[in-house]
Amino acid sequence: MNAVVEIKIDQPKTSGAQAFLRGRDKKMLIGGEWRDAVSGQRIDSRDPATGKVIGTVPRGAKADVDLAVKAAREAFDKGVWRDKTPDERGRILWKIAELIEANIEELSELETLDQGKPLFVGRWAEIPGAIGQFRYFAGQASKIHGETIPTSINYQPPGKKIFAYTVKEPIGVVGAITPWNSPLVLEAMKIAPCLAAGCSMILKPAEDTSLTAIRLGELIMEAGVPPGVFNVVTGLGPEAGQALSEHHDVDKIAFTGSTATGRKILQAAGGNLKKVALELGGKSPSIILADAEMDIAIPGAANAVFFNTGQVCVAGTRLYVEKKVFDKVVAGVADIAKGMKLGHGLDPATQIGPIVNKMQADKIKGYIDGGRAAGAEIVCGGAQGGPAGTFITPTVVAKTDHKMKIVQEEIFGPVVVAMPIDSLDDVPRLANDTHYGLAASVWTQDLSKATRYASAIKAGTVWVNCHLMFDASLPIGGYKESGWSRDSGTQAVDNYLETKTVCMVV
Ligand code: ADP
């Protein structure tokens, strides 16, 4: 059984993180200046493992959003960023990557303290992922171009010709609203292509995890992004987030978060019909066939759901296993779950950190208890504890019915439901039987089965013999209620561009 949570370490080691936490007031970045909220109000930032307040950030709201949008608009209209050569924009994006890399130990500790995640998750996966985004889109800045297009127009004046071409132009002022599970990398997935395209941005980070967004703002200014081009407004979703989504001078909202909040943003964006990109929830299947290499598939399936304490939109939360190996796989995943070390994310031994806040932990526990009450078997885990009630032991659930909430809804915690596959013909139907369509993994050595399922599963990403493989070059996003559009990959810059057609008679 997982040991009772004991907090042995809760202080950062790096002087950078210590200085950031103790040394200066956390302010919002608006028009290149660091400002308090117009209201003067602040929000507590808490260490989710202990519940202790580790700092405060401004509670930005409509008045602050108005100031930030004005600054972003002015910067855009003056052309201080979009009129730089693509090479210059690329160099500055590359510089941001270098500055993040130079401060990676500090940023990892701050991210862990604010979010709760085990240190290795930030230090070795997510922050390198953020760096990768800035490097990749540094290169993309100089690869944005339109096309010359031959037309079939035949009514030009005699002796004249048609010359038509398209130009890609930055969309304008973008609001990015980001979640608390993987703050820096998900912010970078919006900021890097947006700046590569030449837009201005207002970032509204999640209220639970705003500290690293402020630190990132410092680094972005240090790299040489002109004032007003990149702004950070901290605050609550229904206040600052809502004001940004409604704002008539914002051209686009790029959102990552829950499907429920995505719907609200879509409604708020309707006023000026601003464009909206949505990266939403998931309930992704991991599908293990009998011929899979079990020494890879079993730890892979466990990692797919327990990485970052299960707070991952593409987590493999529905585990389908071919019947003849079902008991072996479930026992294997449960053994890994039972052996995982719970603790403060700053403790290097920790594999499972706290959930971001008590409310989310209670919600997860509610799903587990609801599943148990509906007749599911809790194979392991299912407990809530720790000094702030934010720890959930890694949980494996079996004997479920496909209609149960625990099978259908996104839990966003370390909880996996395991179900046997009676016939391989059922795999696409089972995999597709939720409102979501974000990701899936198939574990098999049979290439033809892998290819068939990769085609039949309605999801934005299908991994084969792996899960959670990310790269700035690989598009990520959802089918169905998992969202619209894709982050990462070459086409992500298009999210921040308009196409203008120029048609000439010459
Ligand atoms: P969760 O519900 O899991 O806490 P959300 O999807 O609500 O996550 O949060 C993602 C981001 O959306 C956060 O930055 C949050 O502040 C923001 N947000 C929440 N509610 C709204 C809203 N009504 N309008 C705009 N943004 C919001």
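Considering (1) outside any loop (DSSP other than H, G, I, E, B); (2) of a type outside the set (A, V, I, L, M); (3) more than 14 Å from the ligand (Cβ to nearest atom), say which one GLY262 fails and leave the rest.
Result: GLY262 fails condition (3) only.
Look at GLU246 and say whether it is of a type in the set (Asp, Glu), within 11 Å of the ligand (Cβ to nearest atom), more than 18 Å from ASP25 (Cα to Cα) and touching a residue at least 60 places away in the same chain (Cβ under 8 Å). Give the derivation first.
Numbers: of a type in the set (Asp, Glu): yes; within 11 Å of the ligand (Cβ to nearest atom): yes; more than 18 Å from ASP25 (Cα to Cα): yes; touching a residue at least 60 places away in the same chain (Cβ under 8 Å): no.
The answer is no for GLU246.
Criterion first (crowded, with 18+ Cβ neighbours inside 10 Å, among the small types (Gly, Ala, Ser), part of a loop (DSSP other than H, G, I, E, B) and without any contact (Cβ under 8 Å) to a residue 40 or more places away in the chain) does GLY382 satisfy it? Full working, then the answer.
Values: crowded, with 18+ Cβ neighbours inside 10 Å: yes; among the small types (Gly, Ala, Ser): yes; part of a loop (DSSP other than H, G, I, E, B): yes; without any contact (Cβ under 8 Å) to a residue 40 or more places away in the chain: yes.
Taking the combined requirement at face value, the residue satisfies it.
Taking interchain pairs and intrachain pairs at least six residues apart, which have beta carbon atoms under 6 angstrom, with the first residue in segment 295-324 and within 17 Å of VAL121 (Cα to Cα) and the second in a loop (DSSP other than H, G, I, E, B) and of a type in the set (D, E, K, R)?
Pairs found: ASN308/LYS117.
Where in segment 17-61 are the strands (runs of 3 or more DSSP E), entirely inside, with at least 1 residues that are at pLDDT 95 or above, touching a strand residue (DSSP E or B) at 6+ places or on another chain (Cβ under 8 Å) and among the hydroxyl-bearing types (Ser, Thr, Tyr)? Talk me through it step by step, then tell me what you get.
Details: elements: 28-30, 33-35, 42-46, 53-58.
Here the list reads 42-46, 53-58.
Of everything in segment 393-417, what is in contact (Cβ under 8 Å) with a residue 60 or more places away in the chain, under 25 Å from the mean Cα position of the chain (by Cα) and closer than 17 Å to ILE336 by Cα? Give them in sequence order. Give the derivation first.
Residues of segment 393-417 that are in contact (Cβ under 8 Å) with a residue 60 or more places away in the chain, as a first pass: 393-394, 396, 398, 407-417.
Keeping just the survivors that are under 25 Å from the mean Cα position of the chain (by Cα) gives 393-394, 396, 407-417.
Matches in segment 393-417: THR393, PRO394, VAL396, GLY413, PRO414, VAL415, VAL416, VAL417.
Taking helices (runs of 4 or more DSSP H) that fall entirely within segment 274-379, which contain at least 2 residues that are at pLDDT 95 or above and in contact with a Cys (Cβ under 7 Å, 6 or more places away or on another chain)? Write out each step before concluding.
Details: elements: 294-306, 323-339, 358-373.
Once the helices (runs of 4 or more DSSP H) in segment 274-379 are filtered for at least 2 residues that are at pLDDT 95 or above and in contact with a Cys (Cβ under 7 Å, 6 or more places away or on another chain), what remains is 323-339.
Take the residues in segment 146-166 that are of a type in the set (A, V, I, L, M) and exposed (fewer than 14 other Cβ atoms within 10 Å of the Cβ); name whichever of them is modelled with the highest pLDDT. Working first, answer last.
Here is the first cut: in segment 146-166, the ones of a type in the set (A, V, I, L, M) are 149, 153, 162, 164.
If we keep only those that are exposed (fewer than 14 other Cβ atoms within 10 Å of the Cβ) too, we end up with 149, 153.
Details: ILE149: 98, ILE153: 95.
Checking each candidate, the answer is ILE149.
Sort through ALA440, ALA431, ALA459, ALA418 and tell me the only one that's farther than 16 Å from VAL330 by Cβ and in a strand (DSSP E or B).
Details: ALA431 fails: in a strand (DSSP E or B); ALA459 fails: in a strand (DSSP E or B); ALA418 fails: farther than 16 Å from VAL330 by Cβ.
Only one candidate qualifies: ALA440.
I'm trying to understand the selection: among the residues of segment 456-469, which are of a type in the set (A, V, I, L, M, F, W, C), under 15 Å from the mean Cα position of the chain (by Cα) and surrounded by 18 or more Cβ atoms within 10 Å (Cβ to Cβ)? Explain how you work it out, then say what you get.
Initially, segment 456-469 is screened for residues of a type in the set (A, V, I, L, M, F, W, C), giving 456-457, 459, 462-464, 466, 468-469.
Restricting the remaining residues to those that are under 15 Å from the mean Cα position of the chain (by Cα) gives 468-469.
Answer for segment 456-469, where residues must be of a type in the set (A, V, I, L, M, F, W, C), under 15 Å from the mean Cα position of the chain (by Cα) and surrounded by 18 or more Cβ atoms within 10 Å (Cβ to Cβ): just LEU468.
Matching residues to (1) surrounded by fewer than 24 Cβ atoms within 10 Å (Cβ to Cβ); (2) hydroxyl-bearing (Ser, Thr, Tyr); (3) within 15 Å of the ligand (Cβ to nearest atom); (4) farther than 20 Å from ALA492 by Cα:
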{"site": "THR256", "(1), (2), (3), (4)": "no, yes, yes, no"}
{"site": "ALA268", "(1), (2), (3), (4)": "yes, no, yes, yes"}
{"site": "LYS275", "(1), (2), (3), (4)": "yes, no, no, no"}
{"site": "GLU279", "(1), (2), (3), (4)": "no, no, yes, no"}
{"site": "ALA290", "(1), (2), (3), (4)": "yes, no, no, yes"}
{"site": "GLU293", "(1), (2), (3), (4)": "yes, no, no, yes"}
{"site": "ILE296", "(1), (2), (3), (4)": "yes, no, no, yes"}
{"site": "GLY300", "(1), (2), (3), (4)": "yes, no, no, yes"}
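If you check every pair at least six apart or on different chains, which have Cβ atoms under 7 Å apart with a residue in segment 259-274 that is over 9 Å from SER245 (Cα atoms) first and a residue that is within 10 Å of the ligand (Cβ to nearest atom) and in a helix (DSSP H, G or I) second?
THR261/GLY237; GLY271/GLU246
Residues are listed down the side, and each one gets a yes or a no for (1) among the basic types (Lys, Arg); (2) within 9 Å of the ligand (Cβ to nearest atom); (3) touching a helix residue (DSSP H, G or I) at 6+ places or on another chain (Cβ under 7 Å); (4) farther than 19 Å from ARG73 by Cα:
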{"residue": "ILE177", "(1), (2), (3), (4)": "no, yes, yes, no"}
{"residue": "LEU184", "(1), (2), (3), (4)": "no, no, yes, yes"}
{"residue": "PRO193", "(1), (2), (3), (4)": "no, no, yes, no"}
{"residue": "ALA196", "(1), (2), (3), (4)": "no, no, yes, no"}
{"residue": "CYS199", "(1), (2), (3), (4)": "no, no, yes, no"}
{"residue": "LEU216", "(1), (2), (3), (4)": "no, no, yes, yes"}
{"residue": "PRO226", "(1), (2), (3), (4)": "no, no, yes, no"}
{"residue": "GLN242", "(1), (2), (3), (4)": "no, yes, yes, no"}
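From GLY332, GLY300, GLY310, GLY339, grab the single residue that is under 26 Å from ASP47 (Cβ atoms), out of contact with any Gly (no Cβ under 8 Å at 6 or more places or on another chain) and of a type outside the set (A, V, I, L, M, F, W, C). Please lay out each step first, then the result.
Details: GLY332 fails: under 26 Å from ASP47 (Cβ atoms); GLY300 fails: under 26 Å from ASP47 (Cβ atoms); GLY310 fails: out of contact with any Gly (no Cβ under 8 Å at 6 or more places or on another chain).
Among GLY332, GLY300, GLY310, GLY339, only GLY339 is under 26 Å from ASP47 (Cβ atoms), out of contact with any Gly (no Cβ under 8 Å at 6 or more places or on another chain) and of a type outside the set (A, V, I, L, M, F, W, C).
Which of the following residues is touching a helix residue (DSSP H, G or I) at 6+ places or on another chain (Cβ under 8 Å), of a type in the set (Asp, Glu) and more than 30 Å from ARG135 (Cα to Cα): ASP36, ASP44, ASP66? Before you say what the answer is, go through the steps one by one.
On the way: ASP36 fails: touching a helix residue (DSSP H, G or I) at 6+ places or on another chain (Cβ under 8 Å); ASP44 fails: touching a helix residue (DSSP H, G or I) at 6+ places or on another chain (Cβ under 8 Å).
Step by step, each of ASP36, ASP44, ASP66 is checked, and only ASP66 is touching a helix residue (DSSP H, G or I) at 6+ places or on another chain (Cβ under 8 Å), of a type in the set (Asp, Glu) and more than 30 Å from ARG135 (Cα to Cα).
Would you confirm, using the coordinates I've provided, whether ASP64 is closer than 13 Å to THR234 by Cα, out of contact with any Pro (no Cβ under 7 Å at 6 or more places or on another chain), in a helix (DSSP H, G or I) and modelled with pLDDT of 95 or more? Steps first, answer last, please.
Numbers: closer than 13 Å to THR234 by Cα: yes; out of contact with any Pro (no Cβ under 7 Å at 6 or more places or on another chain): yes; in a helix (DSSP H, G or I): yes; modelled with pLDDT of 95 or more: yes.
For ASP64, the condition - closer than 13 Å to THR234 by Cα, out of contact with any Pro (no Cβ under 7 Å at 6 or more places or on another chain), in a helix (DSSP H, G or I) and modelled with pLDDT of 95 or more - is met.
Which ones in segment 348-369 are out of contact with any strand residue (DSSP E or B) (no Cβ under 9 Å at 6 or more places or on another chain), more than 16 Å from the ligand (Cβ to nearest atom) and closer than 14 Å to GLY122 by Cβ? It would help to see each step written out before you state the result.
If we filter segment 348-369 for residues that are out of contact with any strand residue (DSSP E or B) (no Cβ under 9 Å at 6 or more places or on another chain), which is where we start, we get 348-349, 356, 358-360, 363, 366, 369.
From what's left, more than 16 Å from the ligand (Cβ to nearest atom): 348-349, 369.
Result: PRO348, single match.
Are any residues in segment 81-108 touching a helix residue (DSSP H, G or I) at 6+ places or on another chain (Cβ under 9 Å) and outside any helix (DSSP H, G or I), and if so, which ones?
Across segment 81-108, the qualifying residues are TRP81, ARG82, LYS84, THR85, ASN103.
Taking only segment 132-148 into account, find how many residues are in contact (Cβ under 8 Å) with a residue 40 or more places away in the chain and of a type in the set (Val, Ile, Thr). Even if it seems obvious, please write down each step before you answer.
Looking only at segment 132-148, we keep the residues that are in contact (Cβ under 8 Å) with a residue 40 or more places away in the chain, and these are 132-144, 146.
With the extra rule that they be of a type in the set (Val, Ile, Thr), the set shrinks to 144.
Number of matching residues: 1.
Among the residues of segment 311-347, count how many are within 16 Å of the ligand (Cβ to nearest atom) and closer than 18 Å to ASP208 by Cβ. Break it down stepwise before answering.
As a first pass, look at segment 311-347 and keep what is within 16 Å of the ligand (Cβ to nearest atom): 311-315, 317.
Of the ones still in play, those that are also closer than 18 Å to ASP208 by Cβ are 311-313.
The total comes to 3.
How many residues does segment 109-145 contain that are small (Gly, Ala, Ser), assigned to a helix (DSSP H, G or I) and over 24 Å from GLY224 (Cβ atoms)?
Taking segment 109-145 and keeping what is small (Gly, Ala, Ser), we get 116, 122, 125, 129-130, 132, 138-139, 141-142.
Applying the additional criterion that residues be assigned to a helix (DSSP H, G or I) yields 122, 125, 129-130, 132, 138-139, 141-142.
Applying the additional criterion that residues be over 24 Å from GLY224 (Cβ atoms) yields 122, 125.
Number of matching residues: 2.
The values are calculated or read from the model by the stated rules, or taken from the named source; none is laboratory data. Keep in mind the model is a prediction, meaning the values are calculated, not measured. As a convention, Cβ positions derive from the backbone with ideal geometry for all residues, glycine included, and neighbour counts pool all protein chains shown.
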